[in-house]
């Protein structure tokens, strides 16, 4: 039982992460039941206020819970092998809350159809594919917390991160975020609420990259400095 409960928690957190990402993708693509750009039901001011609060809660959790000081405080009360799983579980909950509680705000800023709409939809799917491929390039089990628990159960330390630039990382330093931005902005329909959603997440991504760059430079030193000098952050072939 002492091993079963941590395993169940870690697996549940991993499943919640996968489910929340699928919900996010389907909601932005326009699944009717959870479409983020559906017909408004609240006055624009009230809807925008709710949406801004949701974005703030989403961003604050992802930023604060990832900080070393917050982790140190958490680990006083929470098992270290499940620290990443807890982060993933809470992040998934905030993602689901963001999608299900989001209030649409009209009107449409643009609404394309026919070939242009199809092209944008295919581009959005390509962005999703880029993000997924980049996530799978490295140890995705570490990303969702399963590797840490597995190493703990075997009595082994978690292998330290190694500096490497495989696949898409030779084109940009952050292909996961590049793919996500491509997905967010390649939409054939954009309402005021959709612009708020895409703009808010874009701002969160850019702020997050600022802190991630600082962490990577501190971890890998001269190797990462040389890498950053020759490879752009988000847009391929753009001079750093």
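The values are calculated or read from the model by the stated rules, or taken from the named source; none is laboratory data. All of these numbers come straight from a predicted model, not from anything done at the bench. Note that we place each Cβ from the backbone using ideal geometry, even for glycine, and neighbour counts take in every protein chain shown.
Against the test of being on the phi > 0 side of the Ramachandran plot, loosely packed, with under 15 Cβ neighbours inside 10 Å and either without any contact (Cβ under 8 Å) to a residue 12 or more places away in the chain or outside any loop (DSSP other than H, G, I, E, B) (or both), the options 155, 129 yield a single qualifying residue, 155.
One residue stands out among those in the stretch 38-59 that are at pLDDT 90 or above and buried (at least 18 other Cβ atoms within 10 Å of the Cβ): the one that is farthest from the chain's Cα centre (by Cα), which is 47.
Residue-wise test of (1) modelled with pLDDT of 90 or more; (2) not in a helix (DSSP H, G or I).
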| residue | (1), (2) |
| --- | --- |
| 200 | yes, no |
| 204 | yes, no |
| 219 | no, no |
| 238 | no, yes |
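Quick check: is even one residue across the stretch 169-176 over 29 Å from residue 54 (Cβ atoms), in contact with a helix residue (DSSP H, G or I) (Cβ under 9 Å, 6 or more places away or on another chain) and either loosely packed, with under 15 Cβ neighbours inside 10 Å or at pLDDT below 90 (or both)? No.
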